[in-house]
Amino acid sequence: MLSTYRRGVLGIAGLKPVERLLTRHGWRLGVGRFVAGETAPEALPALASLRASGREVIVDVLGEYVRDPAAAAAMAAAVAAAIDTLTQAGVPAVMSLKPTQVGLALGEDVAAQHVLALATKAEAAGGSLALDMEDVRYVDGTLRLLQRAWQGGAPRTSGVLQAYLRRTPDDLEAMLAAAPDPNALALRVVKGAYAERPELLLPDMPAIRRAFVALVERAWRAGARVNVATHDERLLAETAAFARGAALPPGKVEYQLIYGVKPKLQQALADAGQPLRIYVPVGRDWYGYFSRRLAERPENLGVVLRGLTG
Ligand SMILES: Cc1cc2nc3c(=O)[nH]c(=O)nc-3n(C[C@H](O)[C@H](O)[C@H](O)COP(=O)(O)OP(=O)(O)OC[C@H]3O[C@@H](n4cnc5c(N)ncnc54)[C@H](O)[C@@H]3O)c2cc1C
């Protein structure tokens with residue numbers, strides 16, 4: 001179950017007056033710790049410094065839950081422009097996208113058209129597109145978007161599995177069955193970041209950890225490449241031990257951590273030569289993303305409160 005703290009923060013962050021107050025004070029509240037810049041060009045120095053320290057990057061142009069087709073098209077254009085900016089700067093265009101950012105809440109066809117165009121563009125530039133997994137209302141639609149991208153000619157498009165949902169092992173089996181080639185499949189495993197109804201969720205953190213490890217191992221056994229996305233050192237150690245024991249070929253494992261979270265752990269993994277990619281958000285639409293990061297750690301809320309009172 002979600003902790004009371006996490007549910008409380010996500011609930012309060014969802015109130016419009018709170019959103020207005022926090023967005024007005026923006027960067028002063030510590031947003032810059034988690035967001036590399038308000039535009040892709042502004043984020044280039046942070047991306048360069050991560051890469052110089054042995055960390056690859058996956059860039060998320062922030063945005064979610066858009067409510068009209070024009071906004072979805074504008075978001076897609078912003079992501080396309082970011083792909084161009086990265087490519088011109090010599091940074092591989094490995095991108096992450098929230099399906100509701102390009103219109104999944106409006107209809108699957110709207111989103112599918114943008115996803116395919118962006119995934120094809122990223123692959124043509126030598127990169128790829130990952131579809132983030134959002135709240136449970138969008139899981140089925142997102143899994144279908146993934147298949148449509150594979151079928152439409154963007155086979156490197158990758159998906160995300162959330163270990164906290166009871167349904168996820170079935171989703172993994174369906175994904176493996178639908179993949180044109182499970183050996184070419186890439187997927188990210190996370191714990192899950194949204195405030196879902198308790199009956200949809202595993203009961204507690206030990207169960208979520210067990211589910212996380214089981215998903216990673218099942219996907220590896222099926223030949224997939226797994227992006228192990230967590231800051232939980234127990235999970236990092238357990239999955240690394242499995243990967244070593246199973247003597248997985250190099251391209252099958254990647255660790256993914258979030259920009260601004262546990263920088264010392266990030267550097268230690270990079271120094272140890274582990275394949276590591278940092279998820280780097282960029283853009284002005286940071287509110288929802290920032291709220292979820294606050295909800296993950298009580299200490300992060302202290303930064304905001306000090307910013308408001310300081
Ligand atoms: C690369 C990446 C991509 C992700 N993509 C998705 C997605 O598509 N869909 C989705 O639902 N979720 C996504 N998440 C979020 C994920 O679901 C979890 O909410 C988040 O990673 C926190 O869980 P944890 O596994 O790191 O473990 P936790 O048990 O939450 O944390 C482990 C340790 O890391 C520290 N830590 C964790 N988060 C923070 C933070 N924000 N600030 C400071 N310290 C922190 C904790 O204090 C603790 O010490 C993603 C996470 C990562 C790393």
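Look at Thr4, Thr168 and count the other Cβ atoms within 10 Å of each Cβ; fewest to most, that gives Thr4, Thr168. Averaged over residues, the count of other Cβ atoms within 10 Å places the peptides 261-272, 104-115 in the sequence 104-115, 261-272, highest first. For Arg188, nonlocal amide neighbours, meaning residues 5 or more places apart or on other chains whose placed amide H falls under 5 Å from its own, are Gly159, Val160, Leu161, Asn227. In a reduced charge model with +1 at each Lys and Arg Cβ and -1 at each Asp and Glu Cβ, the chain shows a dipole moment near 700 debye about its Cα centre.
Based on other C-beta atoms within 10 Å, arrange Ile278, Ile12 from fewest to most. Please list the in-between numbers first.
Numbers: Ile278 25, Ile12 14.
In order of increasing Cβ crowding within 10 Å: Ile12, Ile278.
3J(HN,Hα) along region 35-48: 10, 6, x, 7, 9, 4, x, 5, 7, 4, x, 5, 5, 5 Hz, from the Karplus curve 6.51 cos²θ - 1.76 cosθ + 1.60 with θ = phi - 60°, whole Hz, x for Gly and Pro. Counting only DSSP beta bridges with both residues in region 36-285, the antiparallel share comes to about 5 percent.
Using 1/(1 + (r/R0)^6) with R0 = 22 angstrom and r between the beta carbons of Ala237 and Ala207, what's the FRET efficiency to the nearest 0.05?
Details: r = 19 Å, r/R0 = 0.85.
Rounded to the nearest 0.05, the efficiency is 0.75.
How many percent of all Cα-Cα pairs in region 118-190 sit more than 15 Å apart? Here the long-distance tail beyond 15 Å is 50 percent of all Cα pairs in region 118-190. Amide H to amide H distances under 5 Å link Ile58 with Ile278, Tyr279, Val280, where only residues 5 or more positions off or on other chains count and H is placed in the peptide plane.
Straightening the chain between His25 and Leu248 buys 75.6 nm, computed as 0.36 nm per residue apart minus the Cα-Cα spacing. Each of Tyr5, Tyr194 was scored by other Cβ atoms within 10 Å of its Cβ. Arranged with the fewest first, they read Tyr5, Tyr194. Candidate cross-link partners of Lys98 among the lysines, defined by an alpha-carbon separation under 18 Å and a same-chain spacing of 8 or more, comprise Lys121, Lys191.
On the beta carbon distance between Glu217 and Glu299, with R0 = 35 Å, the FRET formula returns roughly 0.65. Normalised by residue count, region 38-191 yields a Cα convex hull volume of 111 Å³ per residue. Modelled label positions at Ala178 and Arg51, each set 7 Å beyond Cα in the direction of Cβ, lie 3.3 nm from each other. Working note: Debye formula, equal point scatterers on the alpha-carbon atoms of region 205-310, no solvent; log10 I(q)/I(0) at q = 0.19 Å⁻¹ is -1.05. Listed values for region 62-74 are Karplus-derived 3J(HN,Hα) couplings in whole Hz (6.51 cos²θ - 1.76 cosθ + 1.60, θ = phi - 60°), namely 5, x, 6, 6, 6, 10, 8, x, 5, 5, 5, 5, 5, and x replaces Gly and Pro. Here the Kirkwood formula, the inverse mean of 1/r across different C-alpha pairs, assigns the chain a hydrodynamic radius of 19.7 Å.
In this rough spin-label picture, where each label sits 7 Å from Cα along the Cβ direction, the Ala70-Asp84 distance is 2.2 nm.
Restricting attention to region 184-234, which trypsin sites (Lys or Arg not before Pro) occupy a DSSP loop and are surrounded by at most 12 other Cβ atoms within 10 Å?
Details: sites: Arg188, Lys191, Arg209, Arg210, Arg218, Arg221, Arg225, Arg234; in loops: Lys191.
Qualifying residues, ordered by number: none.
In sequence order, region 16-23 has phi-based couplings of 4, x, 5, 4, 4, 4, 5, 5 Hz under the Karplus curve 6.51 cos²θ - 1.76 cosθ + 1.60, θ = phi - 60°, and Gly or Pro positions carry x.
A short reminder: the numbers here are calculations on the coordinates, not readings from a lab. Small disclaimer: the values here were computed from a predicted structure and weren't measured. Glycine gets a Cβ as well: all are built from the backbone with ideal geometry, and neighbour counts include every protein chain shown.
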